1. Just give me the residues in region A:19-70 being away from chain B (no Cβ under 14 Å) and small (Gly, Ala, Ser), in sequence order.
2. Among residues belonging to region A:148-166 that are at the interface with chain B (Cβ under 10 Å from one of its Cβ atoms) and surrounded by 24 or more Cβ atoms within 10 Å (Cβ to Cβ), point out the one that is modelled with the highest pLDDT.
3. Scanning for something without any contact (Cβ under 8 Å) to a residue 60 or more places away in the chain, facing chain B (nearest Cβ under 10 Å) and over 24 Å from A:ILE67 (Cα atoms), does region A:179-187 turn up at least one residue?
4. What single numbered condition from (1) among the hydrophobic types (A, V, I, L, M, F, W, C); (2) crowded, with 19+ Cβ neighbours inside 10 Å; (3) more than 18 Å from the chain's Cα centre (by Cα) fails to hold for A:VAL209?
5. Which of the residues spanning region A:215-234 are part of a loop (DSSP other than H, G, I, E, B) and either outside the structural domain of A:ASN74 (by TED's automatic domain parsing) or in contact with a strand residue (DSSP E or B) (Cβ under 6 Å, 6 or more places away or on another chain) (or both)?
6. What are the residues in region A:291-314 that are surrounded by 17 or more Cβ atoms within 10 Å (Cβ to Cβ) and either out of contact with any helix residue (DSSP H, G or I) (no Cβ under 9 Å at 6 or more places or on another chain) or closer than 19 Å to A:LYS260 by Cβ (or both), if any?
7. Among the residues of region A:134-147, which ones are more than 18 Å from the chain's Cα centre (by Cα) and either more than 9 Å from chain B (Cβ to nearest Cβ) or touching a residue at least 12 places away in the same chain (Cβ under 8 Å) (or both)?
8. Among the residues of region B:111-121, is there at least one that is under 26 Å from A:HIS212 (Cβ atoms) and part of a loop (DSSP other than H, G, I, E, B)?
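The values are calculated or read from the model by the stated rules, or taken from the named source; none is laboratory data. Remember, predicted model here, so these are calculated numbers, not experimental data. Because the Cβ atoms are built from the backbone with ideal geometry, glycine has one as well, and the counts that use them run over all protein chains shown.
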Amino acid sequence: MKQLLYSCIFLIACQIQAQQSDFKHIDFRKADSLALAYKGTDLYDLQELTNNLSTGLTTDVERFRAIYMWVCTNIKNDYNLYLKNKRKRQRFKADSLKTQNWNNRLKKDVFRKLIKDKKTICTGYAFMVQQLASLANIPCEIVHGYGKTSTNLLHESDMPNHTWNAVKLNDKWYLCDPTWASGIQNAETLTFTFDYNDGYFLTNPELFVLNHYPMDTKWLLFEGTTPAFRDFLEAPLLYGNAYKTLETHHAPKRFHNTVKKHETVSFTYQLQKPVSDNTISLIIDNGTSDRHVSPTTKIINQNLTLEYQFNAVGFYDVHLMIGEEYISTYTFEVKG
Amino acid sequence: MKTTKPMSQKKNGLKKPETEKKPLMKKNYHWPFDLDTQSAKKTISFLSIIVMTFFFSSNLLAQNNTGTEVKGIVSDENGPVDQVTITLKGTDTRTITDKKGMFTFPQALKENDVLVFSHLGYHTQEIKIDKNAPFIEVELASETVQMLGALQSDKPYKSKRKK
């Protein structure tokens, strides 16, 4: 009986690990080069685009990769439309009818702009991926929900603000976020820079949930106990770079932490690939100045553990850094 | 013998006006031109019936192969929709609607062929071809979807502090 239970747990654990590493044996270079070869193709004949992107590819995962890569490297974020939508949604927040009317008006605009200018907001990205995938006979769904970023830490009362995709490959569902994978919008210069982030392709659901929470919890792709919305709101803040280096994030479990003076805090992560430990550091910001510290670092089997002791009372923003890149942020209130 | 007969009769039929004009030259004629006109007429009409039957039946067959030309218009709740892709299910044959939402499918279609109408932002619709209704009117339902957008940001977080 116990054995059965263990094997069940093992199977569940395997289920959870639905991610890019399932396709380690597949070389995506062929799919990626197809996406590159058809760069700039217009969107008037989506079937032809899909056929072109499938040329010579034998597996669904490769065909999906080519589609996803094409969308991520050809569709720009439309910052003006994003702002307009955000403003209107905020204004009509209390009035669902007005929100609906605005949505209907916007919808037409979004699709027209997407086809004509290849510019869109998240929902357009997700739609594009879904449409091309369905033309290639790959089951793909649009997932609406909450997306958390450093400039938008969400609150309980917030409305859903983000859209991404779930895709079924070899009878298993996977998650991906074409919007965030495509690049970075600079809010000051209003420019969008294509900067493909492979970490959002078939991401480990355990990592994905730290900044993506779907309205329909089945798209968490968790077996067994699913994290609650509250857990998501309280989760640490991850940056895009986290998806390039981390497989999962273990501790601290929360963004806001309260510790006692002289308490040692552990930061634990599973890495995707080997990282040299002298590149890992923390930035501790007390509000007036920040300093780089190198905590005790242990890496065993790509399991990274950092330990840091807070020796002064105060309120700190703590950033995990790998090289020059921000991976995650936490706050610590250190009490005497 | 029976098979060669009708074929030769036909030749006779063609030459008939000539033989009537110059009856005196009959002695120069050889078989099969010396057959009597009565039986020749009979076989010719029989032959033509056969030829006609073949002609029509083959015509019918041809029509079965080519099917009917299908035209139509695609609209949504606000009017015609252009750029809708119309694909013959299971094939690569397709066309798109023009500015007025009109299309003519490039290949003639058979009964029970299925056309797939797809456009970004609308539910994909499948229509079965009915031979008796070659003009199709399709109304696409737009996807009920919320338009959302969250920006990815690489800006490091900074707590707001009370001074």
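1. A:SER21, A:ALA31, A:SER33, A:ALA35, A:ALA37, A:GLY40, A:GLY56, A:ALA66
2. A:TRP164
3. Yes, region A:179-187 contains a residue that is without any contact (Cβ under 8 Å) to a residue 60 or more places away in the chain, facing chain B (nearest Cβ under 10 Å) and over 24 Å from A:ILE67 (Cα atoms).
4. (3)
5. Answer for region A:215-234, where residues must be part of a loop (DSSP other than H, G, I, E, B) and either outside the structural domain of A:ASN74 (by TED's automatic domain parsing) or in contact with a strand residue (DSSP E or B) (Cβ under 6 Å, 6 or more places away or on another chain) (or both): A:MET215, A:LEU221.
6. A:PRO295, A:LEU306, A:TYR308, A:PHE310
7. Residues satisfying the conditions are A:LEU135, A:ALA136, A:ASN137, A:ILE138, A:PRO139.
8. yes
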